[in-house]
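Notes to accompany the following structure.
The values are calculated or read from the model by the stated rules, or taken from the named source; none is laboratory data. None of the values given here were measured: they were computed from a predicted structure. Cβ: placed from backbone, ideal geometry, glycine included. Neighbour counts: every protein chain shown. The area values use the complete protein model at the heavy-atom level, side chains included, leaving out ligands, DNA and RNA. Shrake-Rupley method; radii C 1.70, N 1.55, O 1.52, S 1.80 Å.
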Amino acid sequence: MSRIVVFGAGGRAGVKVVAEAAGRGHEVTAVVRDPAAHPELGGDQGHEVGQGLGDDRRSGGGPGLGGDRGSGGGRVKVVAGDVTDAGSVAEVAAGHDVAVQVAARLDVPAEEFYGAASRALVDGLARAGVSRLVALGIGSALEVSPGVRLMDTPGFPAEARAFSLGHVAQLDVLEGSALDWVVIAPPPVFLDGEASRTGRHRFGDGRVPEAVEGEPVFSYADLAVALVDEATRPEHHRVQVAVSY
């Protein structure tokens, strides 16, 4: 059983990550700005969620099929924290094995937020003795040809590029750190927030994954599977990788 701290636990990705990790039997600390605004995550004293979620990454197994922790939910503790403040990061991360960063802010310029969050994570996790970080990336920061990111191609929307630059800032900070990090970038599309977990996904490299005709839109539920896989059974180190079906 791992002890996982999740920053941005109240967002679309974060809620799924918390449920996925707890469903495998891990202890999860869900970090949000205001715990009272997120009753779906459980109480501060811990709450069992997501029982029976397995860990069959590529076979298409659904809930209850396989898993690295079998049946039974883990414990979730919801705490207040600020991912852009190194002291806050250190406090909430102490005693954990791995951190997952899925926080986002739309009311702050992306480069400012992701730069500040990444610097705070590098500093705060070091203080807390947590060496592994799994962070959510963005598909537009993946390459379409050697040295050319999707966000830098002609006609790419300016507003989307500005947000993508935040994730590039995140990469720049992590590359200069001593952390054992991985950034996982889903396909550059709007992910399906309603689809059920299938447990199926595949990791690629730093390139935009090729679309396969007939495949559904990648889901937040299966993104959570990929993030928790890397948090609990690390396979990628100090690199950005694509994830898709």
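Annotation: of all residues in segment 84-119 being part of a loop (DSSP other than H, G, I, E, B) and in contact with a Phe, Trp or Tyr (Cβ under 6 Å, 6 or more places away or on another chain), the one that is farthest from VAL183 (Cα to Cα) is ARG105. If you check VAL122 against the conditions, is it part of a helix (DSSP H, G or I) and either more than 19 Å from GLU27 (Cβ to Cβ) or open to solvent by less than 40 Å² (accessible area, probe 1.4 Å) (or both)? Against the criterion (part of a helix (DSSP H, G or I) and either more than 19 Å from GLU27 (Cβ to Cβ) or open to solvent by less than 40 Å² (accessible area, probe 1.4 Å) (or both)), VAL122 qualifies. When each of ALA116, ALA103, ALA86, ALA110 is tested for being crowded, with 18+ Cβ neighbours inside 10 Å, more than 26 Å from ALA226 (Cβ to Cβ) and modelled with pLDDT of 95 or more, the lone residue that passes is ALA86.
Residue pairs whose Cβ atoms lie under 7 Å apart, sitting 6 or more positions apart in sequence or on different chains, and linking a residue in segment 70-87 that is over 16 Å from GLY14 (Cβ atoms) to a partner that is at pLDDT below 95 and assigned to a strand (DSSP E or B), are GLY73/GLU48; ARG75/GLU48. The listed residues are ARG149, ARG132, ARG127, ARG75, and the only one of them that is more than 17 Å from the chain's Cα centre (by Cα) and closer than 22 Å to LYS16 by Cβ turns out to be ARG75. Consider segment 210-232 and keep the residues that are at pLDDT 95 or above and over 17 Å from the mean Cα position of the chain (by Cα). The one that is farthest from ALA103 (Cα to Cα) is PRO216. Scanning segment 207-245 for residues that are of a type in the set (D, E, K, R), more than 14 Å from LEU191 (Cα to Cα) and without any contact (Cβ under 8 Å) to a residue 60 or more places away in the chain gives GLU210, GLU213, GLU235. If only residues of segment 125-147 that are open to solvent by less than 50 Å² (accessible area, probe 1.4 Å) and of a type in the set (Val, Ile, Thr) are counted, the one that is farthest from HIS237 (Cα to Cα) is ILE138.
Here's the yes/no breakdown for (1) over 22 Å from VAL134 (Cα atoms); (2) at pLDDT below 90; (3) among the hydrophobic types (A, V, I, L, M, F, W, C); (4) crowded, with 16+ Cβ neighbours inside 10 Å:
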site: ARG12; (1), (2), (3), (4): no, no, no, no
site: PRO35; (1), (2), (3), (4): yes, no, no, yes
site: GLY64; (1), (2), (3), (4): yes, yes, no, no
site: VAL76; (1), (2), (3), (4): no, no, yes, yes
